[in-house]
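Notes follow once the structure below has been shown.
The values are calculated or read from the model by the stated rules, or taken from the named source; none is laboratory data. Since the structure is predicted, the reported quantities are computational estimates derived from the model, not experimental observations. Ideal geometry is used to build each Cβ from the backbone, glycine not excepted, and the neighbour counts take in all protein chains shown. When the accessible area is computed, the model is the full protein with side chains, heavy atoms only, and any ligands, DNA or RNA have been set aside. Shrake-Rupley method; radii C 1.70, N 1.55, O 1.52, S 1.80 Å.
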Amino acid sequence: AGIVLDADTKPRGRYTRVRTLCLNQFPNLPLDLPPDGLVVENAEKKRFGVWVMPDNASDGSIETFLRWLIPDQHESTWRHAEESVRAARALGCPCRDGHVEKAYLYTWLAWQNPPGQSPGIAVAKKILDATNPRAASFVAWFSGLYQLPPKSTLFN
């Protein structure tokens, strides 16, 4: 089993909470989350993994991670999506500070063909580029946790 959660503003605190809750079943959990994610096995051969988005160390969320998957040729429309969200907020849009990155991503996705794809579909349809080097650590962690072949087509 694997857990992927947003760091928000406390990546270490998020892992510490998961560790505390899972120590009974997985007593070999390290005190600190490894930079390349956590995968452990207990005495019953059950595997357990933890990844704290975006990269196990930085503040942020899955939307922060997905932003890294915007293809270079779409960088100008990404910047325009950010500007559009900022302008909407200046006009009174009730988007909370903690949801701004989500608003950026979904605004950008609304401009793709077809518009409004979910992030998962956008990865599958290669609208978002999961082969971006910034995704390599997460892909390696996921593949290792679920024991997928090294060149799995899951993200390619």
With runs of 4+ DSSP H residues as the only contributors, calculate the mean residue ellipticity of the chain at 222 nm using -39,500 (n - 2.57) per run, divided by the residue total and rounded to the nearest 500. -11500 deg cm²/dmol
Using only the alpha carbons, work out the radius of gyration and Dmax of the stretch 87-142 in angstrom. 14.0, 42
To the nearest 0.05, the calculated FRET efficiency linking A136 and A90 through their beta-carbon distance, R0 being 35 Å, is 0.45
Does the stretch 54-106 come out rounded, prolate or oblate, given a ≥ b ≥ c as the square roots of the eigenvalues of its C-alpha gyration tensor, rounded meaning a/c under 1.5 and, failing that, prolate meaning a/b above b/c? oblate
Over the chain, relative contact order from alpha-carbon pairs under 8 Å, at least 6 apart, %: 24
Calculate, for the stretch 8-67, the solvent-accessible area per residue in square angstrom, rolling a 1.4 angstrom probe over the heavy atoms of the protein chains. 55
The stretch 34-156, dipole about Cα centre (Lys/Arg Cβ +1, Asp/Glu Cβ -1), debye to the nearest 20: 320
In the stretch 1-77, what percent of the accessible surface is made up of carbon and sulfur (1.4 Å probe, ligands and nucleic acids excluded)? 53
Heavy-atom surface of the stretch 106-151, accessible at 1.4 Å and reported per residue (Å²): 60
Gain on full stretching of the segment that runs from D8 to W68 - 0.36 nm per residue minus C-alpha separation: 20.0 nm
When N is the residue count of the stretch 27-143, what does its C-alpha Rg come to as a fraction of 2.2 N^0.38 Å? 1.26
Apply 1/(1 + (r/R0)^6) to the Cβ-Cβ distance of E44 and Q112, taking R0 = 35 Å, and write down the FRET efficiency to the nearest 0.05. 0.20
